[in-house]
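FYI, it's all coordinate maths here, none of it is from the lab. Model, not experiment: these values are computed from the prediction. Here the Cβ is made from the backbone with ideal geometry for all residues, glycine too, and neighbour counts use every protein chain on show.
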Amino acid sequence: MSSRKSGGAAAFAVLALAALMVAAGCGGGTGKEPLNLRLEADTDSTVKVIWSVPVDATPDKYLVYFQAVGETSYSLVAETTANLWTHNPNGATGWYRVEAKYGDQTYAASTNPGTVPVRTDTVALAELNAAGNSGFGWDRKTGRGRTYPMTDVHSVGSADLYITDFKPPSANQQPYSVASPDMGPSDPGNVVPVDSWRVSGFTDTLPDENVMLPSFSETSYFNFTDILRVPCSIGCFTADSHYALVKVVGVDVENCWVRVETWYQLLPGLRLTRH
């Protein structure tokens, strides 16, 4: 009688252990989330999603999700046993989520990094010889933009563009142009100190602010672009390979101001600025 009880208890223990193993997943152990989820540009239009494997846990596979700007939920884009995936968003920007799957259980990474460009709300930039700051540049850590005086040598490492009419002081002629800071010292405005200013490139006016920017080349990006209509959108390629979008939303000829709104892509080399 007692031996039958012992056998039943042993069988129950085996079944309980098996149930625990199934709950934990085929990889065994307690499920844990992917670590250090991050993004890099693979090509100038595709995104490499990278993560570190969980510590002391082996998932059956990973699930990669993407939520594009304008969408309300994440969509599954990949299942893989590797710890990276290259995604082609077809021009869209958005956010990524990665989950480790153990059997029927999933554990999501603690962050959802994205490619959505950082917006800087409208700022006014003075024409080079007018009163006010004519330079503008983006912070490389935050992506936020701010104005800078092109007359101050301390702006050399900060300005990514400036506004000019390429005429001597007091000329105030149209059109105004968005220009690369390295043109400043030779600008007929004659107020920019000689130094190693940043070199930026600009596209011709784009057909729409949400089109994919052109890949950088000497035939698609130039050292300045004229503002021929308002509003207009112009692509920018910075000295350290960041893409940005500059939207001119207003020109005040009487007061010599140009108002711009910008979107800056934090991932170097990625030309996606849809917002």
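Against the chain, whose longest principal axis is taken from its Cα atoms, helix 2-24 shows a tilt of about 10°.
Arrange the peptides 212-220, 67-75 so that the one whose residues have, on average, the most other Cβ atoms within 10 Å appears first.
Working: 212-220: 14.2, 67-75: 12.7.
Result, highest mean first: 212-220, 67-75.
Return the lysines within reach of Lys48: Cα separation strictly under 24 angstrom, same-chain partners fewer than 8 residues apart disregarded; answer none if there are no such residues. Reachable lysines: Lys32, Lys61, Lys101, Lys141. Assuming charge only on the beta carbon of Lys and Arg (+1) and of Asp and Glu (-1), the dipole of region 109-258 about its Cα centre is about 380 debye to the nearest 20. When the Cα positions of Trp51, Thr203, Ser217 are compared along the charge dipole of the chain, Trp51 comes out farthest toward the positive end, with charges on each C-beta of Lys, Arg, Asp and Glu.
For the chain, the Cβ-based charge dipole about the Cα centre amounts to some 1320 debye (Lys, Arg positive; Asp, Glu negative; other atoms uncharged).
Report relative contact order for the chain in percent, whole number only (criteria: Cα-Cα under 8 Å, sequence separation at least 6). Intermediate values should be presented prior to the final figure.
On the way: 707 pairs, mean separation 46.5, N = 275.
Relative contact order here is 17 percent.
At a Förster radius of 35 Å, what calculated FRET efficiency corresponds to the Cβ-Cβ distance of Asn172 and Val211, to the nearest 0.05?
Values: r = 32 Å, r/R0 = 0.92.
Computed FRET efficiency for Asn172 and Val211: 0.60.
As a length-normalised measure over Cα pairs under 8 Å and 6 or more apart, the relative contact order of region 35-108 settles at 33 percent.
So how strong a dipole does region 154-220 carry about its Cα centre when Lys and Arg Cβ are +1 and Asp and Glu Cβ are -1, to the nearest 20 debye?
On the way: 2 positive and 9 negative charges, 42 e Å.
Computed charge dipole of region 154-220: roughly 200 debye.
In summary, the convex hull built on the alpha carbon positions of the chain has an orientation-averaged projected area of 18.2 nm².
Region 201-275 and region 127-168 have their alpha-carbon centroids 15 Å apart.
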